[in-house]
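Data first, discussion second: the structure below is written as structure tokens.
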Amino acid sequence: RGDSRVADRRVDSVCPYCGVGCQLTYHIKDDRIMYVEGRDGPSNRNRLCVKGRFGFDYPSHPARITRPLVRKPGVPKGLDPAFDPAAPLTHFREASWNEALDIAADGLKRLKADHGSSALAGFGSAKCTNEEAWLFQKLVRTGFGTNNVDHCTRLCHASSVAALMECIGSGAVTASFMQADNADVVILTGCNPAINHPVAATFFKQAAKRGTKFIVIDPRGQALDAHAHLSVRFTPGSDVSLFNALLNVVVTEGLHDEAYIAEHTEGFEALKAHVAPMTPEAMTAACGVDPATIREVARLYARADKAMIFWGMGISQHTHGTDNARCLISLALACGQTGRPGTGLHPLRGQNNVQGASDAGLIPMVLPDYQPVGDARVRAAFEALWNNTPLDDQPGLTVVEIMHAIHDGTIKGMYIQGENPAMSDPDLDHARAALGKLEHLVVQDLFVTETAQFADVILPASAWPEKEGTVTNTNRQVQLGRAALPLPGEARTDWWIIQEIARRFGLDWHYDHPRDVFAEMQRGMPSLDHITWERLEREASVTYPCPADDEPGADVVFSDAFHTASGRATFSPTLPLPPDEPITADYPVVLTTGRQLEHWHTGSMTRRARVLDDLEPEAVASLAPGEMRRLGVEPGAAITITTRRGSITLSVRTDPGMPDGMVFVPFCYAEAAANILTNPALDPFGKIPEFKYAACRLSRGESA
Ligand code: SF4
């Protein structure tokens, strides 16, 4: 009282960063967020990590765009080193909403008229709400007339989803991460929760203290090793060899669950024959793990009464990412470790709404709820829901395929909402050149991002605390975000902007509020049965699938049957394949990329959050102490990393968790963009690039 810092109102919402989906309260004074506190949400129990607690001031960053912008005539597209995103009027002029929307839509409509629907594509966003994702894919499908719609799931867990859909008929987790507390054994592989899912990591640490045995399997060491029963380091890129060896031990030692296999699965005999030669002794050279450790891991997991597997992008971001996930699913099925509390398969989802955006249909081969675009009955149902608009029956192109299609002249116009492919795509020079070739690019965002610098029209959108809508976290919990701040200047909510573009495409849309969109989603998505907007306002979080209006939803699924035609899960045997770009004498070091605790993805939000950017203000590579010595550098020195696609220079720090022969680079820094280096080779099933493995060489100082 009497303190000028006392908030004058509080608004309950959800964290905008990672897939943990922490519930929080914004404390606001004079329409500015003063501080943030965690709430007692089901996935955070009052906790927040540094991003959720301190990363809230980006909406009021001085570089925020608050009026529509249109490129000035004659200004070339692309990343101009002299361009100041905080002073965009050097390259763009301000426009009214009507003019900007007309230019945005007219450019896309002209390309459709001249070249057909396949000349257009759209990237939606896992940072937006479920309702905005639904509207975006609906616009691309019914307005543009194509399935060329995708989003960042293609860069994170598309391969996991491909394997889960194939093997168990559902792309979401089978149990929440809270179930780790009920497990006897937990495998964490290809993930680093203390960095990427920090609040989930706190639950893992508590579970470890209560007796759950954690087995951390990764090429790199990490903070959770200190809480692990066993830490297993393997050779980068050799995941399938290691996992097949684990399966070999399970079947040759008779550790598999025969009753479970007989009742719930098909294809076990083929798997058994397939892994028979892949003994620990046969695979140890490839994976770098000694046979005794492989046997210990397999026995611990298989003999546990209840065991879970969690994985992250260390598993998915490989050209063999789908195979990696297939192996993990086979391991769980062979040991009967799904369908009960304390068991399950859990790909830790990245973005706050990547689960929801995928469910809502921001995927080129499926309509909402993963219903194939090629299924005539599915299309007919959505055509009936969407005003009898005919739908394309061909799967669309994925993120990286769209970049190739721009280069070959097939795709000429794009609408990009809240994604930043000029930072997030692999082989950035190629991706940026593609964006520069587009005849018409509409970008909808908060800032003039690297991608927006290629745009013809930039539409000023809403930050998370400025809008209302639902999001779905990694646990399948649908949660409600509430507007806490007024929109600055002439910025608009994303759903409003999408609707205005849709109307200019002649679509008869009349949504007055996100709850209208959610009501339509419920008619097309059985996964949302019994989850109403009113319920979310009341209860804040409901898990899908939910069997009744008064039930909280299923934390653990597939107790009786899987989501497949037969109700059975399928084993999918895999063969070890080398990384797409093996190391050579010229490129002897493995480059791996990822996030760091303080920053989120391409940095468009967190690098404009003062506390977070003060904590980690510059790009820094991580190397093992031995690698530092070999290179002859001290922490803080500049090094240059070169791959077949380009070079970046940045400073370096020592990380004792790094293996020799590997360098880690975070991908959020535009001034040393890691994705200039990365390999665009795709997993053939999930179409995900191999961000976790590229051959590189290191040198001291600036590149020559
Ligand atoms: Fe936000 Fe994830 Fe941190 Fe929770 S763990 S506060 S959801 S970034």
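The values are calculated or read from the model by the stated rules, or taken from the named source; none is laboratory data. In this text, all values refer to a predicted model and were calculated from it rather than measured experimentally. When we count neighbours, we look across all protein chains shown, and the Cβ atoms used for this are built from the backbone with ideal geometry, even at glycine. These area figures cover heavy atoms from the full protein model, side chains too; ligands, DNA and RNA do not enter into them. Shrake-Rupley method; radii C 1.70, N 1.55, O 1.52, S 1.80 Å.
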message = Averaging the inverse of every distinct alpha carbon separation and then flipping it gives the Kirkwood radius. What is it for segment 631-682, in angstrom units?
response = 12.1
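With a sphere of radius 11 Å drawn around the Cβ of residue 586, what net charge do the other residues whose Cβ falls strictly inside it have (Lys, Arg +1; Asp, Glu -1)?
Values: positive: 644, 697; negative: none.
My count for the surroundings of residue 586 gives +2.
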ask   = To the nearest 20 debye, what charge dipole does segment 408-489 have about its Cα centre, counting +1 at the Cβ of each Lys and Arg and -1 at the Cβ of each Asp and Glu?
value = 340
query = In vacuo Debye scattering of segment 478-601, one point per C-alpha: log10 I(q)/I(0) at q = 0.10, 0.13 Å⁻¹?
reply = -0.69, -0.93
remark   = log10 I(q)/I(0) for segment 571-648, Debye formula on C-alpha points only (no solvent), q = 0.17 Å⁻¹, two decimals, reads -0.91
ask   = Under 18 Å Cα-Cα from residue 692, which aspartates and glutamates qualify once same-chain neighbours fewer than 8 residues away are excluded?
value = 218, 239, 323, 425, 427, 580, 581, 655, 660, 683
message = Can you compute the modelled spin-label distance between residue 114 and residue 548, with each label point 7 Å from Cα toward Cβ, in nm?
response = 6.0
key: Mean Cβ count within 10 Å, highest first, over the residues of peptides 89-100, 214-225   = 214-225, 89-100
request  = Using the charge dipole of the chain (Lys, Arg: +1 at Cβ; Asp, Glu: -1 at Cβ; taken about the Cα centre), state which of 140, 396, 160 has its Cα farthest towards the positive end.
outcome  = 160
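So what's segment 264-369 giving for Rg/Rh, alpha carbon basis, Kirkwood Rh from the mean inverse pair distance?
1.01
What translational D, rounded to a whole number of µm²/s, comes out for segment 101-212 from Stokes-Einstein when the hydrodynamic radius is the Kirkwood one over Cα pairs, at 20 °C and 1.002 mPa s? Don't jump to the answer; show the numbers that get you there.
Working: Rh = 17.5 Å.
It comes out at roughly 122 µm²/s.
For a test of the definition: using alpha carbon positions, the gyration tensor, and the 1.5 limit on a/c, classify segment 378-429 as rounded, prolate or oblate.
Values: a/c = 2.97, a/b = 2.20, b/c = 1.35.
The shape class here is prolate.
With every protein chain present, what is the per residue accessible area of the chain (1.4 Å probe, Å²)? The partial results should precede the final answer.
Values: 23640 Å² over 704 residues.
Computed with neighbouring chains in place, this is 34 Å² per residue.
In units of 2.2 N^0.38 Å, what is the alpha-carbon radius of gyration of segment 27-168? Don't skip to the answer; put the middle values down first.
Numbers: Rg = 20.2 Å, N = 142, 2.2 N^0.38 = 14.5 Å.
It is 1.40.
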task = Sequence neighbours fewer than 8 away in the same chain don't count; with that in mind, list the lysines whose C-alpha is under 28 Å from residue 112.
result = 72, 77, 127, 138, 412, 437, 687
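I need the shape label for the chain. Rule: rounded when a/c is under 1.5, else prolate if a/b > b/c, else oblate, with a, b, c from the alpha carbon gyration tensor. Intermediate values should be presented prior to the final figure.
On the way: a/c = 1.44, a/b = 1.24, b/c = 1.16.
Judged from the Cα gyration tensor, the chain comes out rounded (a/c under 1.5).
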ask   = Share of Cα-Cα pairs in segment 333-425 beyond 23 Å, in percent?
value = 47
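So for each of 548-559, 484-495, 459-470 I average, over its residues, the number of other beta carbons within 10 Å; can you give me the resulting order with the highest mean first?
Details: 548-559: 15.8, 484-495: 19.8, 459-470: 24.7.
The peptides rank, most packed first, as 459-470, 484-495, 548-559.
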ask   = If you take all C-alpha pairs in segment 568-704, what percent of them are over 25 Å apart?
value = 30
inquiry  = To the nearest 20 Debye, how big is the dipole of the chain about its Cα centre, given +1 on the beta carbon of each Lys and Arg and -1 on that of each Asp and Glu?
reply    = 1040
note = Dividing the alpha-carbon radius of gyration of segment 114-175 by 2.2 N^0.38 Å, where N counts its residues, gives 1.31
query = Which Cα, out of 33, 473, 382, lies furthest along the positive dipole direction of the chain (beta carbon charges, K/R +1, D/E -1)?
reply = 33
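Over segment 1-54, what portion of Cα pair distances is larger than 12 Å, expressed as a whole percent? Provide the component values of the computation, followed by the final result.
Numbers: 869 of 1431 pairs.
Value for segment 1-54 (Cα pairs over 12 Å): 61 percent.
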query = How big is segment 431-495 by Rg and Dmax over its Cα atoms, in Å?
reply = 15.0, 40
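Hey, got a sec? Which GluC sites (Glu not before Pro) in segment 242-350 land in a DSSP loop and have at most 13 other Cβ atoms within 10 Å? Let's see the in-between values first.
On the way: sites: 253, 258, 263, 266, 269, 281, 296; in loops: 253.
Answer in residue order: 253.
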query = Between segment 156-209 and segment 28-91, what's the alpha-carbon centroid distance in Å?
reply = 30
query = Which value, in debye to the nearest 20, describes the size of the charge dipole of segment 368-467 about its Cα centre when Lys and Arg Cβ atoms bear +1, Asp and Glu Cβ atoms bear -1, and nothing else is charged?
reply = 200
key: Part-to-part distance (alpha-carbon centres) for segment 93-113 and segment 505-553, which is given in Å   = 32
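If I compute solvent accessible area with a 1.4 Å probe over the protein chains, what percent of it on the chain is carbon and sulfur?
50
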remark   = Once the dipole of the chain is set up from charges on Cβ (+1 Lys and Arg, -1 Asp and Glu), the residue from the list 17, 345, 418 lying farthest towards its positive end is 17
task = Report, in deg cm²/dmol and to the nearest 500, the calculated mean residue ellipticity at 222 nm for the chain, where each DSSP H run with n ≥ 4 adds -39500 (n - 2.57) and the sum is divided by the residue count.
result = -8500 deg cm²/dmol
message = Below 20 Å, Cα to Cα, which lysines can residue 209 reach? Residues fewer than 8 away in the same chain don't count.
response = 306
